[in-house]
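Novice: Once you've had a glance at the structure underneath, I'll fire off some questions.
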Amino acid sequence: QVQVVESGGGLVQPGGSLRLSCAASGSSFSTYAMGWYRQAPGKQRELVATITTGGSTNYAESVKGRFTISRDNAKNTVYLQMNSLQPEDTAVYYCNAARVRTLYWGQGTQVTVSS
């Protein structure tokens, strides 16, 4: 069993930055691919970024060049650095940990971009 806990959300002005963190329990963190997803009000949850066990990354087109996903296996943590935030980035951001036949989600952290 893995528990995933997100943190770092908040209110930021357009053009600002935030760094989200996702801490995972357990000793097998390095064997999980990690992902960030988001869900805006009235919309479906969508992929933001993923990172494999080997460090390969994938981004949604809407965040390429602005967001960076990274992982620190020694700290059992994955990060999402978000720059040049825009109002359309407002959403609840969720982290997940995935491997074959296993998927764990966190409870989410709210990111609001507004002046």
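Novice: Tell me, how many Å apart are the Cα centres for the stretch 23-37 and for the stretch 40-115?
Specialist: So the two Cα centres are separated by 13 Å.
Novice: Relative to the present Cα-Cα distance, how much length would full extension add between ASN58 and ASP72 at 0.36 nm per residue of separation?
Specialist: Numbers: separation 14, 0.36 × 14 = 5.04 nm, distance 1.69 nm.
In short, 3.4 nm is gained.
Novice: Would you grab the residues whose amide H sits under 5 Å from the one on VAL48? Only those 5+ places off in sequence or on another chain, please, with H modelled 1.01 Å from N.
Specialist: TRP36, TYR37, ARG38
Novice: Now a separate question. For Cα pairs less than 8 Å apart in space and 6+ apart in sequence, what is the mean separation divided by the residue count of the chain, i.e. the relative contact order in percent?
Specialist: It rounds to 37 percent for the chain.
Novice: Say we join alpha carbon atoms closer than 10 Å with springs in a Gaussian network model of the chain; which of ARG38, ARG19, ARG101 then has the biggest fluctuation?
Specialist: ARG101
Novice: With every protein chain present, what is the per residue accessible area of the chain (1.4 Å probe, Å²)?
Specialist: Using a 1.4 Å probe on heavy atoms only, each residue of the chain averages 52 Å².
Novice: What part of the accessible area of the chain, given as a whole %, is carbon or sulfur when the probe is 1.4 angstrom?
Specialist: 46
Novice: Next up: What does the highest-first list of 24-34, 76-86 look like by mean Cβ count within 10 Å? Let's see the in-between values first.
Specialist: On the way: 24-34: 16.6, 76-86: 19.7.
So the peptides 24-34, 76-86, ranked by packing, come out 76-86, 24-34.
Novice: Projected onto the charge dipole of the stretch 41-115 (+1 at Lys/Arg Cβ, -1 at Asp/Glu Cβ, origin at the Cα centre), which of THR68, THR102, THR90 gives the Cα projection farthest towards the positive end?
Specialist: THR102
Novice: List, in order, the whole-Hz ³J(HN,Hα) value for each residue of the stretch 26-37 obtained from phi through the Karplus relation with A = 6.51, B = -1.76, C = 1.60 and θ = phi - 60°; use x for Gly and Pro.
Specialist: Whole-Hz 3J(HN,Hα) from phi for the stretch 26-37: x, 9, 10, 3, 5, 8, 9, 6, 10, x, 10, 10.
Novice: Okay, moving on. Of all DSSP beta bridges located in the chain, what percent are antiparallel, nearest 5?
Specialist: So the antiparallel bridges amount to about 95 percent of the total.
Novice: Here is a follow-up. Based on Cβ point charges of +1 for Lys and Arg and -1 for Asp and Glu, what charge dipole magnitude is obtained for the stretch 2-115 about its Cα centre, in debye rounded to the nearest 20?
Specialist: Here the size comes out at about 220 debye.
The values are calculated or read from the model by the stated rules, or taken from the named source; none is laboratory data. Please read all numbers here as calculations on a predicted model, not as lab measurements. FYI the Cβ positions are ideal-geometry reconstructions off the backbone, even for glycines, and counts take in every protein chain you see. Calculation scope for accessible area: heavy atoms of the full protein, side chains included, ligands and nucleic acids excluded. Shrake-Rupley method; radii C 1.70, N 1.55, O 1.52, S 1.80 Å.
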